[in-house]
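Okay, structure first, notes after.
Bear in mind that the values in this text are calculations on the coordinates, not laboratory data. In this text, all values refer to a predicted model and were calculated from it rather than measured experimentally. Cβ atoms come from the backbone with ideal geometry, glycine included; neighbour counts cover every protein chain shown.
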Amino acid sequence: MSNPIHPTSQTPQDITLAQLKQIMPEAFSEGQLDIHKLTALLSEQNIAPAQEAYGLSWAGKHQVYRELKTPTSQTLVPEPDESVNFDTSQNLFIEGDNLAVLKILQKSYHSGIKMIYIDPPYNTGNDRFVYADDFSESIADYKARAGQTDEDGNLTHSDGMQSNRKENGQYHSNWLNMMYPRLALAKSLLREDGVIFVSIDDNEVANLRLLMDEIFGEENFVAEIVWQKKYSPQNDATYFSLNHEQILCYARSLNNFERNLLPLNEEQIKRYKNPDDDKRGVWKSSDLSVATYNQDYDYEITTPSGRVVSPPQGRCWNTSEENLEKLIKDNRIWFGKDGSNVPSVKKFLTETNDGVVPISLWGYKDVGHTQSATQELRKLMGEKIFDHPKPIRLIQRAMKISSSSDDIILDFFAGSSTTAHAVMALNAEDAENGKAGKRKFIMVQIPEVIDAKDNQSAYEFCINNNMPPNIAEISKERIRRAAAHITSELPESVDSKALDFGFKAYKLADSNFIPWQQPASYDADSLMAQLEKHLDPIVDNATTDGIITELMLKEGYTLTADVIEVDGYYLVTQNDALNQSLFNSKASENTTDTAMRLAIVLDDMTTSKATQIIARAPNKTLIMDRAFSDDANKANIVLQFEDAGLVVGCV
């Protein structure tokens, strides 16, 4: 549908408001700019809205805006020993609080994710989830405050997650405070043609719909999908047997989102028959009339039996008389066995290559149910370790509708990593059909502690497999086992080495760099003590890989960029930059080479090393201050880079 023509010329204000609505739909209410919301979102001060308009409001909402703008000093550290094919895999598993992780990924993955699927806590009254954290504090301090460690630093049975009981006076508000910043950060990670699917049930579906309307804009609502999660009624239900859940689907920008068609299922294929033995194969009838009236297409048709028929009242045929004659000669119009029926168009199965339009009702026969999901997980893990996993086919349907073979799929409530399993299985299915099958996943899961009293089977599974008893460990183990299972069932015609069944593991950690702390007093001794800490700002337990990863992320390089050591420095190369605008430099002008390169020098910076780096013309070079022998050495080398027209920074 085309946009309506403005009766008058657009003013600069109209254009500005339209642009602002695209950038910040959450600042608008019923199409009008809410200046109080805009101020709360953009102000550096903690401002509560003075006046509320139509929309979703809850206790602590204005605090969410502050938290959303609060940066994190934390970083990610690589864990090669917990990974599979760390050096080559393009898949990621990140262990840590998803709010902090989403903040860390903002620069590297901004507008780079095609599809997000999440299965967050449903707020049933028994859920536990993480509340707002102070990201200026260290992880060690947070663990102590949240109850994860005792006074001596020993782990306790608590993981810092808190129950949200219905008796709580801010029961819904707590859940909304948890969801809002995560969804807002997720939105900025989506591509312009990206889409998000969020599973939910009746407890919060109404609030979630309003929340996502505010964050994504109600004009970007795609569908509310109903998933039939049970195949039989629950006879002990108090009122109704709840046999379904909802999945809310929103586009980053509905104008840019294009959904794919779904392949026909077995039941749909069975509807195709061949009663007239047409040599083109089985077919099914399609209505020849349409509701969009066109007088030129409103005419009488004489059937082979001599009966004269007209379009139904208020409708017309979908083609002209001239073209209808061509279709009849080509035996594409069906008048019934006796030749007297109202004509219909023959749609041949062999010509139905594009598939069918997805519907909003997803039955268990097509996408599975909770029991089949439990069986899938039991088959992999050997026992039932989760009560409500999602079926693989459910996630795959969302991916088939909204992604192609090279896209990145994100799930920041990974749970048992059903989404990762679904990505690998769909890639294998594509490979069997001769397609590329190169979708990539990013899983994020907090290491939620498993209490033996709450889930004995999951706890024993971890202990028996020499794993810490937490959800993240089970999540990683499922990916490993799912990869092995899929590989074992691949036909010989498929090269398993061409498929990515690995993942790079990372964990949330404190920065490798010592933060500046305001001295308790400004006397000379206090200031000198603080300055001495920053002569070499690297923390004692920092690793080279950790430092490189942190610098990569801060410069906007992805976690799958190539890193090699060359002649005493590190060269980071990214061939698939998600946001080319982040890497503008003279080194990339007037060249067809789209690879982005970052040089990192940690130690022993010399003029000869500078010459070698300059010859490679990286987009940027970062040099640790400690790498320079003295100030003169630093000044000369910086001048070398500037004379070559290259960007250099000192850390």
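Peptide packing for 615-623, 61-69 was compared via the average number of neighbouring C-beta atoms within 10 Å per residue; ordered from the highest value, the list is 615-623, 61-69.
Ranked by the mean number of other Cβ atoms within 10 Å of their residues, highest first, the peptides 310-319, 204-213 fall in the order 204-213, 310-319. Here the peptides 96-103, 222-229 are ranked by packing, the mean other Cβ count within 10 Å, and the order with the highest first is 96-103, 222-229.
Count charges around V205 for me, please; just the other residues with Cβ under 12 Å from its Cβ, Lys/Arg as +1, Asp/Glu as -1. Result for the neighbourhood of V205: -4. Counting only Cβ charges, +1 for Lys and Arg and -1 for Asp and Glu, the dipole size of the chain around its Cα centre is about 2160 debye. Here's the picture: charge each Lys and Arg Cβ at +1 and each Asp and Glu Cβ at -1 in the chain, and of Y231, P618, T16 the one pushed furthest to the positive end of that dipole is Y231.
Once you reduce the stretch 361-383 and the stretch 48-102 to the center of their Cα atoms, the two points are 29 Å from each other.
Using a simple spin-label model with pseudo-atoms 7 Å out from Cα toward Cβ, N465 and L33 lie 5.4 nm apart. (1) -0.43, -0.69, -1.17; (2) -0.23, -0.46, -1.09; (3) -0.31, -0.59, -1.26: which one is log10 I(q)/I(0) by the Debye sum over Cα atoms at q = 0.05, 0.07, 0.11 Å⁻¹ as calculated from this entry? Correct label, based on the coordinates given: (3). Helical content of the chain, expressed as a calculated mean residue ellipticity at 222 nm, amounts to -9500 deg cm²/dmol (DSSP H runs of 4 or more residues, -39,500 (n - 2.57) each, divided by residue number, nearest 500). The residue list W317, I450, L410 was ranked by how far each Cα lies along the charge dipole of the chain toward its positive end, using unit charges on Cβ atoms, and W317 comes out on top.
As a rough footprinting exposure proxy, the listed residues M178, M424, M605 were ranked by other beta carbons within 10 Å of their own, and the order from fewest upward is M178, M605, M424. Rounded, prolate or oblate: which fits the stretch 180-273 when a ≥ b ≥ c are the square roots of the eigenvalues of the alpha-carbon gyration tensor, with rounded for a/c under 1.5 and prolate only if a/b beats b/c? Because a/c hits 1.5 or more and a/b fails to exceed b/c, the stretch 180-273 counts as oblate. By the gyration tensor of its Cα atoms, with a ≥ b ≥ c the square roots of the eigenvalues, what is the shape of the stretch 404-493: rounded for a/c under 1.5, prolate for a/b over b/c, or oblate? Oblate, because a/c is 1.5 or more while a/b does not exceed b/c. Just check the stretch 266-349 against the gyration tensor rule for me: Cα atoms, a ≥ b ≥ c as the square roots of the eigenvalues, rounded for a/c under 1.5, and otherwise prolate or oblate depending on whether a/b exceeds b/c. Judged from the Cα gyration tensor, the stretch 266-349 comes out prolate (a/c at least 1.5, a/b above b/c). Bridge orientation summary for the chain: considering DSSP beta bridges with both residues in this region, about 65 percent are antiparallel.
When both the stretch 229-265 and the stretch 104-121 are represented by their alpha-carbon centers, they are found 22 Å apart.
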